[in-house]
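Report on the following structure.
The values are calculated or read from the model by the stated rules, or taken from the named source; none is laboratory data. Worth saying up front: this structure is predicted, and the values here are computed from it rather than measured. Every residue, glycine as well, gets a Cβ built from its backbone with ideal geometry; the counts of neighbours run over all protein chains shown. Calculation scope for accessible area: heavy atoms of the full protein, side chains included, ligands and nucleic acids excluded. Shrake-Rupley method; radii C 1.70, N 1.55, O 1.52, S 1.80 Å.
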Amino acid sequence: MHSMAEPVTSITVVGGGTAGWLAATYLRSKCAPKIAITLIESPNVPTVGVGEATVPHMPVTLREMGIDDKEFFRRCNTSFKMGVMFRGWNVDHKGRPFDYMNPFAPPPKIDGVEAGHYFQAFGAGRRDYIQSFSPLMDLLDAGKCPLSFNAKNDPMPRAGYAYHLDAGAFAKMLAEVGVARGVEHVLDDVDGVELDDTGHVAALNLRALGRRPVQLVIDCTGFKGLVIREALGEPFENYSDYLANDRAMALPIPHADPEVLPAATSSTALGAGWSWSVPLYHRIGTGYVYSSAHRTDDAARDDFMAHLGDRAPKGAEPRVIPMRIGRMRRAWVKNCVALGLSGGFIEPLESTAIHMIDMGIRWLLQYFPSRDYEESTRAAYNRCADEMYNEVRDFICLHYRLGNRTDTDYWCDARGLKITDRLEGWLDLWQRQLPVEMDIGRANLFDHNTFQAVLLGKRVYENGWGAARLNRSFALSEKRWKAFLRDSAARNMAVVKAKADHRRALRVLR
Ligand code: FAD
């Protein structure tokens, strides 16, 4: 340990995937120049490379780092994402699967009452909840994106969005920016981690370059968790009681029609999990997240390839990725902060992992330690990480608990998995009323609107899960709601007309 308040003057990031390069480059852009930043990356261990869908905070982060838009769109084959389409996750009362969307758009209030209450009371004819107030699903069908070439004619000029990006190209671009700004880049394998007599990491032993003393270490070594787990021995909290999926397979495929580019991620329910589709500019990233208790890799491959049909290139074989689902008990231990997969991973259903890295870096800047690595600083950081993991886990578990498919054992089993007491309490409450702001408290990503979108999207109140008539005290006028629906349909049509074709807009942005 070091004397009181001796400042950290060097940060060593181990690992050069999305976590490592986002951390090194963001920190280099924000930290005082006297703090040296080094990134050590193995030339032999590949990155996981499949995290390609983000959430709406990513545009903010890129802007803050001063990343040039044009370069980002061109180099990362970036496309827009307006939300996530869930396909076939639930079935209607006749057993027919249907789709719903988790949109990046909050519902409006009608005379101070949230639209969800009206929708629940009166429905919206053939339109679903999101369509009752938002043009997002219509924009997807029309191949449009959140931007318009002529914002003056657009009734919704400020639409929320995130990005789809090529993971490999993104890390490479961040690396170039980081190195140009002064990150020291070391290509070598870390073969050993040396602890001092207080249990802090004192040095890393590099295969070619030998011993390298360190101060603050950021472990971004992926599922391996080289420093936090292997060297510091922090216990892993397994989430397998909560979430069944523990394997994935990934296969990039070409666009069937290069002119059609949906501006959303989709997640399609398959026999023992779900398949993602992330449409980038130049290709589609697809994969299957599944449960090894319900499918062998071979059987999962058959599910997945049948789902892709002739969209899969001839002879292409998906790459299997084992996933460790859960988290380190603490994200920050001694002088090591784990970011990315080394800190933990909850399945990628809502594309939260890169966002969690992004948040972790921000918390570290707020709770920057001295070389005493004070307990209170670490505890404050770890509380943020706890809240984030709990938030994401509850939200993901909700999707399975409220699934109503009965066609395979997997979906029946997934419904019966453990949920936290907090989620159990919420669901008990929400059987009788829609989620309200006070239920959730401070949310990083998923506020009560997103919970409402899942409940109403899954049509749980129509399909026997909750009370058909919810508790509510406010008087709702059906006439007022019908007028709202008419206005909203007209506005949605005008928005669809005004928005730019996704492919064309990307061509311009590149
Ligand atoms: P990795 O990419 O595994 O990188 C590890 C790095 O550590 C590599 O550079 C490697 O060389 C280095 N390394 C390892 N050992 C050593 C050593 N001994 N010495 C030196 N270096 C070493 N996230 C999202 O936000 N959205 C998504 O849509 C999404 N989809 C996903 C789908 C799947 C199936 C999976 C598994 C994950 C997904 N993720 C997603 C998560 C996302 O991919 C990761 O959070 C992100 O890529 C960060 O990975 P990482 O940098 O922590 O680890």
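Which one of these does Glu234 not meet: (1) outside any loop (DSSP other than H, G, I, E, B); (2) touching a helix residue (DSSP H, G or I) at 6+ places or on another chain (Cβ under 6 Å); (3) charged (D, E, K, R)?
Glu234 satisfies every listed condition except (1).
Is it the case that some residue within segment 158-168 is surrounded by fewer than 21 Cβ atoms within 10 Å (Cβ to Cβ) and more than 16 Å from the ligand (Cβ to nearest atom)?
The answer is yes, given that some residue of segment 158-168 is surrounded by fewer than 21 Cβ atoms within 10 Å (Cβ to Cβ) and more than 16 Å from the ligand (Cβ to nearest atom).
In segment 372-425, what residues are acidic (Asp, Glu) and either under 28 Å from Asp303 (Cβ atoms) or not in a helix (DSSP H, G or I) (or both)?
Answer for segment 372-425, where residues must be acidic (Asp, Glu) and either under 28 Å from Asp303 (Cβ atoms) or not in a helix (DSSP H, G or I) (or both): Asp372, Glu374, Asp394, Asp407, Asp409, Asp413.
In segment 98-105, is there at least one residue being under 23 Å from Asn471 (Cα atoms), touching a strand residue (DSSP E or B) at 6+ places or on another chain (Cβ under 9 Å) and surrounded by 15 or more Cβ atoms within 10 Å (Cβ to Cβ)? Don't jump to the end; show me each part of the working.
First pass over segment 98-105, keeping only residues under 23 Å from Asn471 (Cα atoms): none.
Checked segment 98-105: no residue is under 23 Å from Asn471 (Cα atoms), touching a strand residue (DSSP E or B) at 6+ places or on another chain (Cβ under 9 Å) and surrounded by 15 or more Cβ atoms within 10 Å (Cβ to Cβ).
Quick one: in segment 232-255, of everything that is among the aliphatic types (A, V, I, L, M) and touching a Cys at 6+ places or on another chain (Cβ under 8 Å), which residue is nearest to Val392 (Cα to Cα)?
Only one residue tops the list, namely Leu243.
Quick check on segment 347-377: of everything there that is of a type in the set (Gly, Ala, Ser) and within 16 Å of the ligand (Cβ to nearest atom), which residue is nearest to His200 (Cα to Cα)?
Top of the filtered list is Gly360.
Out of segment 28-63, which residues are part of a helix (DSSP H, G or I) and touching a Lys or Arg at 6+ places or on another chain (Cβ under 8 Å)?
Once the filter is applied, which keeps residues that are part of a helix (DSSP H, G or I) and touching a Lys or Arg at 6+ places or on another chain (Cβ under 8 Å), segment 28-63 yields Arg28, Ser29.
Residues in segment 193-228 that are within 9 Å of the ligand (Cβ to nearest atom) and over 31 Å from the mean Cα position of the chain (by Cα): how many?
3
Only one residue in Ala244, Ala202, Ala180 is closer than 24 Å to Ser10 by Cβ, in contact with a Leu (Cβ under 9 Å, 6 or more places away or on another chain) and of a type in the set (A, V, I, L, M, F, W, C). Which one?
Of the residues listed, the single one that is closer than 24 Å to Ser10 by Cβ, in contact with a Leu (Cβ under 9 Å, 6 or more places away or on another chain) and of a type in the set (A, V, I, L, M, F, W, C) is Ala202.
In this structure, does Gly360 turn out to be buried (at least 17 other Cβ atoms within 10 Å of the Cβ) and either hydroxyl-bearing (Ser, Thr, Tyr) or in contact with a strand residue (DSSP E or B) (Cβ under 8 Å, 6 or more places away or on another chain) (or both)?
Yes.
Looking at (1) open to solvent by 40 Å² or more (accessible area, probe 1.4 Å); (2) closer than 30 Å to Val460 by Cβ; (3) at pLDDT below 95, which one does Asp92 not meet, given that it meets all the others?
(1)
Give segment 7-48 a look and list any residue that's more than 6 Å from the ligand (Cβ to nearest atom) and either modelled with pLDDT under 95 or hydroxyl-bearing (Ser, Thr, Tyr) (or both), or say none.
The answer is Thr9, Ser10, Thr12, Thr25, Tyr26, Ser29, Thr38.
For the list (1) buried (at least 17 other Cβ atoms within 10 Å of the Cβ); (2) over 30 Å from Asp302 (Cβ atoms); (3) within 22 Å of the chain's Cα centre (by Cα); (4) free of Cβ contacts under 8 Å to residues at least 60 places away in the same chain, I need the number of the one condition that Tyr367 fails.
Of everything listed in (1) buried (at least 17 other Cβ atoms within 10 Å of the Cβ); (2) over 30 Å from Asp302 (Cβ atoms); (3) within 22 Å of the chain's Cα centre (by Cα); (4) free of Cβ contacts under 8 Å to residues at least 60 places away in the same chain, Tyr367 misses just condition (3).
Among the residues of segment 413-440, write down those that are open to solvent by 50 Å² or more (accessible area, probe 1.4 Å) and without any contact (Cβ under 8 Å) to a residue 24 or more places away in the chain.
Scanning segment 413-440 gives Arg415, Gly416, Asp421, Glu424, Asp428, Leu429, Glu437, Met438.
Does Asp501 count as over 15 Å from Phe395 (Cβ atoms), acidic (Asp, Glu) and surrounded by 15 or more Cβ atoms within 10 Å (Cβ to Cβ)?
So Asp501 fits the description; yes.
Check off (1) more than 6 Å from the ligand (Cβ to nearest atom); (2) among the acidic types (Asp, Glu); (3) touching a His at 6+ places or on another chain (Cβ under 7 Å) for Glu52 and give me the number that stays unchecked.
(1)
Among the candidates Phe80, Phe73, single out the residue that is closer than 29 Å to Ile253 by Cβ, within 16 Å of the ligand (Cβ to nearest atom) and of a type in the set (Phe, Trp, Tyr). Steps first, please.
Values: Phe73 fails: within 16 Å of the ligand (Cβ to nearest atom).
Answer to the selection: Phe80.
Per-residue answers, yes or no, for (1) out of contact with any Leu (no Cβ under 7 Å at 6 or more places or on another chain); (2) under 20 Å from Val48 (Cβ atoms); (3) of a type in the set (Phe, Trp, Tyr); (4) free of Cβ contacts under 8 Å to residues at least 24 places away in the same chain:
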position: Asp196; (1), (2), (3), (4): yes, no, no, yes
position: Phe223; (1), (2), (3), (4): no, yes, yes, no
position: Asn238; (1), (2), (3), (4): yes, yes, no, no
position: Ile253; (1), (2), (3), (4): no, yes, no, no
position: Leu261; (1), (2), (3), (4): yes, no, no, no
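Can you tell me which condition Ala169 does not meet? The list is (1) at pLDDT below 95; (2) closer than 17 Å to Lys70 by Cβ, and all the others hold.
Failing condition for Ala169: (1).
So in segment 459-474, with the set limited to residues that are out of contact with any helix residue (DSSP H, G or I) (no Cβ under 8 Å at 6 or more places or on another chain) and modelled with pLDDT of 90 or more, which one is farthest from Phe86 (Cα to Cα)?
Pass one, segment 459-474, residues out of contact with any helix residue (DSSP H, G or I) (no Cβ under 8 Å at 6 or more places or on another chain): 459-460, 462-465, 467-469, 471, 473.
Imposing the further condition that a residue be modelled with pLDDT of 90 or more reduces the set to 459-460.
Working: Arg459: 13, Val460: 15 Å.
This residue is Val460.
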